[in-house]
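What follows is a single structure, written as structure tokens, with notes after it.
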Amino acid sequence: MTPVQTPADLRPITALRFGAAMWVAVYSFWENLAGAGQSGLVAKGYLGVELFFVLSGFILSHVYLQAAGEKRFSYRGFLWARIARVYPLHIATLIGVGLLAAAALFAGMSVDANVLSWASLPANLFMVHAWGLAPVAGWNHPSWSISAEWFAYLCFPLFAFVFWRLRHRPIAAVVGAAAFLVILYFAFEQLAGFALTEATIRWGALRIVPCFALGCALYLVYRRAPLKAPWLCAAVSFGLMVLSAALGLWDGVTVLLAGALILSLASLPNERAGWLASKPAVYLGEISYSVYMVCVPWKLLAVGLAAKLFDAPDKQLQIFVWLVILALLPVVAAVSYHLVERPARKALRGMADKRAKRHDKVSEGNMKHGDMPKQLATGRDPVA
């Protein structure tokens, strides 16, 4: 069967990213809701990160897998594009957390001693703090997953090497990736004494591997032929994923169902995706990285101020106050997206584009002297 021509923009799964970010956010803020009871769905909010990891493998395969398989892939350009995507906001939120923690200490408020961990700062700056190289979970703790993503980016040629060779056997690829995930989850928990899905700074780099691989494998299914009845598949997989989390089933089940949801939503053509392909939904997906990264800085600031304003020294907030703080998170994220994330990404990619243009001019000059440009000789683009 001939692989389908995939659209450049998979809007439904872009929108899904916002849901994943807010699942993590509710999980993070839940401890500050006065009288909050136990909720299985909220307690499994850390699995929103797994959803991001599977999405990452799927989307990067959608964009880069064929180019990598056909030797048209610039590794340097790919890494620069990834740095432009994640690093500016990572540094901005790291600085933001540091300033907020310092201000809180100056105002006589209590701050976790690990937040301003100078011993962890170098690993955070180089995005290797989820590789077991940071002594404590300091600064903007959720950024451990960005360190894990960086590990996956560096290893992407290896993922591409494996999955490009499986492109004609997508079902085998998915079965293999799912089996790898199940075996690794089980073995890790037996050896480490805790679930891999709960790992952060110690084993975060390993945590992303099975999810990223699952995303790559699911993309091969989509590439061969999108699912039939995608709305039905999406509804069933979403319902089962929520039920699995709410019942507290083994995390591997929820992650595999999240993968099924991603494949189902990707199979929805943009013109048939309804509100999932609408501009508001896609915009929320675009700011999801900011939602995730500003969650802790906003929590430090908003919960601390609300606790003082409403005389809640234990930081247990009434539901109306709690909901207002949570609802303002996407607003704060939108501000960071427009002031930091998007301009910085545009500037860094602009630098790469200028370098590519200079490279092209040199290549054109070489052609006039009978030399073939390097990118034509190698089949590689100067910038991914």
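How many residues are within 18 Å of the chain's Cα centre (by Cα), on the phi < 0 side of the Ramachandran plot and crowded, with 21+ Cβ neighbours inside 10 Å when one looks only at the range 116-140? The total comes to 4.
Here is a yes/no grid of residues against (1) at pLDDT below 95; (2) surrounded by 15 or more Cβ atoms within 10 Å (Cβ to Cβ):
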site: 312; (1), (2): yes, yes
site: 316; (1), (2): yes, yes
site: 326; (1), (2): no, yes
site: 337; (1), (2): no, yes
site: 356; (1), (2): yes, yes
site: 359; (1), (2): yes, yes
site: 362; (1), (2): yes, no
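Cβ-Cβ distances below 8 Å connect the following pairs, each with a first residue in the range 242-258 that is within 19 Å of residue 199 (Cα to Cα) and modelled with pLDDT of 95 or more, a second residue that is of a type in the set (A, V, I, L, M) and not in a helix (DSSP H, G or I), and a separation of six or more residues or different chains: 251/195.
Given the residues 66, 38, which is the only one that is surrounded by fewer than 18 Cβ atoms within 10 Å (Cβ to Cβ), among the polar types (S, T, N, Q) and not in a helix (DSSP H, G or I)? Don't jump to the end; show me each part of the working.
Details: 66 fails: not in a helix (DSSP H, G or I).
Among 66, 38, only 38 is surrounded by fewer than 18 Cβ atoms within 10 Å (Cβ to Cβ), among the polar types (S, T, N, Q) and not in a helix (DSSP H, G or I).
Here is a check on your reading of the model: is residue 24 more than 28 Å from residue 220 (Cβ to Cβ) and either surrounded by fewer than 21 Cβ atoms within 10 Å (Cβ to Cβ) or modelled with pLDDT of 95 or more (or both)?
Numbers: more than 28 Å from residue 220 (Cβ to Cβ): no; either surrounded by fewer than 21 Cβ atoms within 10 Å (Cβ to Cβ) or modelled with pLDDT of 95 or more (or both): yes.
Considered against the rule, which asks whether it is more than 28 Å from residue 220 (Cβ to Cβ) and either surrounded by fewer than 21 Cβ atoms within 10 Å (Cβ to Cβ) or modelled with pLDDT of 95 or more (or both), residue 24 comes out as no.
Residues in the range 69-115 that are in contact with a helix residue (DSSP H, G or I) (Cβ under 7 Å, 6 or more places away or on another chain) and assigned to a loop (DSSP other than H, G, I, E, B) were compared, and the one that is surrounded by the most Cβ atoms within 10 Å (Cβ to Cβ) is 115. Of all residues in the range 275-325, those that are out of contact with any strand residue (DSSP E or B) (no Cβ under 9 Å at 6 or more places or on another chain) and in a loop (DSSP other than H, G, I, E, B) total 7.
Restricting the range 166-201 to residues that are in contact (Cβ under 8 Å) with a residue 60 or more places away in the chain and charged (D, E, K, R), the residue that is nearest to residue 141 (Cα to Cα) is 198.
The values are calculated or read from the model by the stated rules, or taken from the named source; none is laboratory data. Owing to the predicted nature of the structure, the values given are computational and were not obtained by experimental measurement. Cβ atoms come from the backbone with ideal geometry, glycine included; neighbour counts cover every protein chain shown.
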